[in-house]
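First comes the structure, then the notes that go with it.
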Amino acid sequence: MQGKSPTASKRDLEEYLASKNVRNILKDLLQHICIERPPNPIEFILQYLSTTHALETTEAVATEEHQAAEEHNPVGEDLLDAESQSSEESDGEPNPEAMVPPPQYQRGRRNAIAVAPASAVKIEDLPKYPKDDTARHHIGQVLAKNLLFSHLDDHQKDILIDAMFERNAHTAEVVIRQGEQGDLFYIIGSGEVEYHITKGGVTQCVGRSGPGQSFGELALMYGSPRAATVVCATDCMFWVMDRNTFRSILLETTLSKRQRYQDFLAQVPILSQLTPYELSTVSDALQPSTFTDGQVIVQQGELGDRFYIVEEGCVIVTRVDPGQTPMEVNRLRPPQFFGEIALISANHCRRATVTASGNVRCLALDRDSFTRLLGPLEDILKRNTTQYNLYFSSQI
Ligand SMILES: Nc1ncnc2c1ncn2[C@@H]1O[C@@H]2COP(=O)(O)O[C@H]2[C@H]1O
Ligand SMILES: Nc1ncnc2c1ncn2[C@@H]1O[C@@H]2COP(=O)(O)O[C@H]2[C@H]1O
């Protein structure tokens, strides 16, 4: 028997590794270990590989179906319909409860995270849908409203703008159906949508979104069936991107931000009222800010438009009343928060000065995100201010 030359066997090996996609699988695995830093990496690796393997098999089938659909309809016409029909065609009437939301969005199971593998598609191979300057400008404005896109540089934004296509839908039209497979991500250009979840035979409206907001990320992040039905509350225009574009440009940051803040936000008492999914949308909107010792974060008497949660370090709250010297009234540490009074009071005025004591890291929400995400907590926040013993609390 003739032995193979060392060069030939090295080449064989390379070919074998390439044909089985081994390098990419290991790269993805390593990337996800770095993002999640699991306490037990071996358990994580075993779970990741078994989940990934299952997902890749399903994805291969889904991709073939998608390619077949694209060959039939190369410019992406009727993709909304294609998305909502796919599972009806495969197994008759869709059953919204056949599949439940991904485990991390079910109460009490926050740690069970199934991570979908990152896309192997190169950025330059993403689709390009021609559009005029007005459309590009409009997408740019829409993206600027959504913090999921805030980390993108101009080059990435251009790629994203090229890869998106426009979809229109009428009031009451179902864009996404709970339980179905899906591979599109939507950004609302105009109009409003409602989210409905059916559980135990009961359908509930769990939220509503408007221009600049996005939906449809869960199925793309976790390879799971759609977790909610999305229905147009008004006539809508969407900018839509496919799974590969979402994964190439948005998956890592969205996933890592949600995973990074998930456990921390769960400790913030005021946020315990929110569902795990609502908490994850709070994570998307958080803006980390750092302060050095003595730096004033908010100043009494100024107008305020940001809410802060202390993530690391300590802040000192001081107040000065007319004709008095400034007095320390509070010290706040993780996971306490401040800055809500200016956002819920009529005159938007800061009622105290907050200063960093040592190095401090805070997570901030701007006024729009605060109102949209924490608006339902306003009564609790107002009640909470009574603990500050503010003589003007009745004016809030
Ligand atoms: N409470 C919620 N639970 C799950 N998904 C939600 C919820 N509210 C809005 N959604 C969105 O509805 C989308 C349905 O499709 P996806 O599961 O891909 O992604 C989901 C989210 O983007
Ligand atoms: N005793 C206190 N009096 C006033 N504000 C306080 C007090 N303790 C903590 N704070 C926080 O300090 C913040 C200063 O900005 P805001 O008035 O927006 O919201 C205020 C509260 O969140």
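Coordinate-derived values only; no laboratory data. Because the structure is predicted, anything quoted here is derived from the model rather than measured. Don't worry about glycine lacking a Cβ; one is built from the backbone with ideal geometry, like all the others, and counts go over all protein chains shown.
Using a cut-off of 23 Å between Cα atoms, the listed pairs LYS20/LYS122; LYS131/LYS157; LYS27/LYS122; LYS27/LYS157 include LYS27/LYS157 as exceeding that distance. Model label sites at VAL206 and GLU328, defined 7 Å from Cα along the beta-carbon direction, differ in position by 4.4 nm. Using only side-chain charges placed at the Cβ, +1 for Lys and Arg and -1 for Asp and Glu, the dipole size of region 293-343 relative to its Cα centre rounds to 120 debye.
Packing order of peptides 319-330, 244-255, 178-189, 288-299, highest average first: 178-189, 244-255, 288-299, 319-330 (average count of other Cβ atoms within 10 Å over each peptide's residues). Rg and Dmax of region 248-396, based on Cα coordinates, read 15.6, 59 Å. Using 1/(1 + (r/R0)^6) with R0 = 51 angstrom and r between the beta carbons of ASP133 and LYS27, what's the FRET efficiency to the nearest 0.05? Calculated transfer efficiency: 0.85. The lysines within cross-link reach of LYS199, meaning a Cα-to-Cα straight distance under 29 Å and a gap of 8 or more places when in the same chain, are LYS257. The simple Förster model, with R0 at 35 Å and r as the Cβ-Cβ distance, assigns VAL121 and THR198 a FRET efficiency of 0.55.
What FRET efficiency, computed as 1/(1 + (r/R0)^6) with R0 = 25 Å and r the Cβ-Cβ distance, is obtained for THR234 and THR371, rounded to the nearest 0.05? E between THR234 and THR371, to the nearest 0.05, is 0.80.
Annotation for LEU17 and ASP379: the two label points, set 7 Å from Cα along the Cα-Cβ direction, are 6.1 nm apart.
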